[in-house]
Amino acid sequence: MDKQAPSPRIVPGARRSRRGLWTLFTLLVSAPPLAFAQVLAVEESIVVDYRPVIARIEAGDTATARSRLQGVVTRLNVVEGQIVKAGDVVAVVTDDTITPQLSSLSSRIEGLKSQVKQMESDIARNEGLLAQGFYPRVRLDEEKTSFEVLKRSLASTEAERRALSARESEGRILAPADAHVTDVKIVRGSVVSPGDVLATFATVNGVVRLALPERHAPNIAEGGLITLRLPARSDEVRTATIIKIYPELQQGSVIADAKVEGGLTALFGERVDVLAPVGERRAVRIPKEYVSTRFGVDFVRVKVGERFIDAPVALAAPLVDAAGQYEILSGLKPGDQIEKPEPRP
């Protein structure tokens, strides 16, 4: 009789080990694939070239405050450099001959009103007498005609007083718009005539007037963006939009106006450096994360065959542009595959 083979003995530790291996295998199968290095295809892009030109800051609109009366400046509320709101009282011009005329007209109006009131009472009484046969109709008709003439005289005098009051209000000189006061021509107590300039204003809309060479005319258009730098303001850089191109050349230059985003705090007549668009070209640009520098040489990992190698490249500028990209002069061509360099320990 054959002996029965002994059953294999399972060690508890071995069972746990097999279970752990199976769990690890399940996790590896179900786990997402490892993230590979980010690969980027090199492409050409359109780059706009800019040329530095000199521009001058000028006001988009200017205005003057003029006197409409012959009189004396009794109040002056502005000084050079002050910002005023539309409708603010700039100065008050007083004509001393207007006040006595107004007083005379007021007294005359009061007298005419008393006459009108008295005549109304007389006509009402005489109409009652006429009804009783004690007053002639012809005389009553004459009184009514005189009454109509008196009322019209009162209305004319009141209109004359309103016109004189309106003339007196013309002595209040108001600001035409929200603007800077650029110059004040008079002082308090000055005698002015109609048409005399009291102050000049310039609107605060941040308009820069450009003068570009004639050959750059095809490269600028209304709505285009430009960059300007203020040398007198610690080289502050601002962005402006071309809002108007003038149809006439001046001394061989194209004149254009550009509005600065967010306004501009500067002196009128101040010079600025403007980077104006002069043409377009094709260029290779890549994000800065794909460029590494070692020992003063810039490298990009380029795919050659089945692997990536570090290839030296020449940059157009040591700093990135506004989009965070480098322009590559040599070392890359459209269609190359590049990847981010491995972080150095």
TODO: Take a quick pass over the chain and tell me how many lysine pairs come in under 29 angstrom between Cα atoms, counting only ones 8 or more apart or on separate chains.
DONE: 13
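For n ≥ 4 DSSP H runs only, could you compute -39500 (n - 2.57) per run for the chain, divide by its residues and tell me the 222 nm figure to the nearest 500? Write out the running numbers ahead of the final one.
Details: 3 runs with 87 residues, N = 345.
Rounded to the nearest 500, the figure is -9000 deg cm²/dmol.
Over the stretch 96-239, give the accessible area per residue in Å² for a 1.4 Å probe, as an integer. The partial results should precede the final answer.
Numbers: 8680 Å² over 144 residues.
Value returned for the stretch 96-239: 60 Å² of accessible area per residue.
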Task: Theoretical gain in end-to-end length, SER153 to ARG282 [0.36 nm per residue, Cα-Cα removed] - done: 38.0 nm
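Tell me, in nm to one decimal, what length is gained between ASN77 and ARG188 on full extension, where the rule is 0.36 nm per residue of separation less the Cα-Cα distance? Working shown, then result.
Values: separation 111, 0.36 × 111 = 39.96 nm, distance 0.94 nm.
Result: 39.0 nm gained on full extension.
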Task: Qualifying GluC sites (Glu not before Pro) for the stretch 205-246 [loop in DSSP, other Cβ within 10 Å: at most 14] - done: GLU222
- [ ] Answer with one residue from TYR246, VAL320, VAL260: the one whose Cα lies farthest towards the positive end of the charge dipole of the chain, charges on Cβ with Lys, Arg +1 and Asp, Glu -1.
- [x] VAL320
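Which GluC sites (Glu not before Pro) in the stretch 41-102 sit in a loop by DSSP (not H, G, I, E or B) and have at most 15 other Cβ atoms within 10 Å of their own Cβ? Don't skip to the answer; put the middle values down first.
Working: sites: GLU43, GLU44, GLU58, GLU80; in loops: GLU43, GLU58, GLU80.
Listed in order of number, the matching sites are GLU43, GLU58, GLU80.
Which residues make up the longest stretch of the chain that has no chymotrypsin sites (Phe, Trp or Tyr not before Pro) in a DSSP loop with at most 13 other Cβ atoms within 10 Å?
Free of exposed loop sites, the longest segment is 135-267.
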TODO: Pairs of Cα atoms under 8 Å, at least six residues apart: use those to get the relative contact order of the chain, whole percent.
DONE: 25
Open item on the list: What's the magnitude of the charge dipole for the chain around its Cα centre, counting Lys and Arg as +1 and Asp and Glu as -1 at the beta-carbon? Answer in Debye, nearest 20.
Closed with: 1860
- [ ] Could you give the size of the charge dipole of the stretch 110-172 about its Cα centre, using +1 on the Cβ of each K and R and -1 on the Cβ of each D and E, expressed in debye and rounded to the nearest 20?
- [x] 100
Task: Normalised contact order of the stretch 284-345, rounded percent, pairs of Cα under 8 Å and 6 or more residues apart - done: 40
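Which whole-number percent is the relative contact order of the stretch 120-228 (Cα, under 8 Å, 6+ apart)? Intermediate results must be reported in sequence, preceding the final value.
On the way: 41 pairs, mean separation 17.6, N = 109.
Dividing the mean separation by the residue count of the stretch 120-228 yields 16 percent.
The values are calculated or read from the model by the stated rules, or taken from the named source; none is laboratory data. The structure presented is a predicted model; accordingly, all values stated were derived computationally and were not measured. With ideal geometry, Cβ positions are generated from the backbone for all residues, glycine too; neighbour counts draw on all protein chains shown. These area figures cover heavy atoms from the full protein model, side chains too; ligands, DNA and RNA do not enter into them. Shrake-Rupley method; radii C 1.70, N 1.55, O 1.52, S 1.80 Å.
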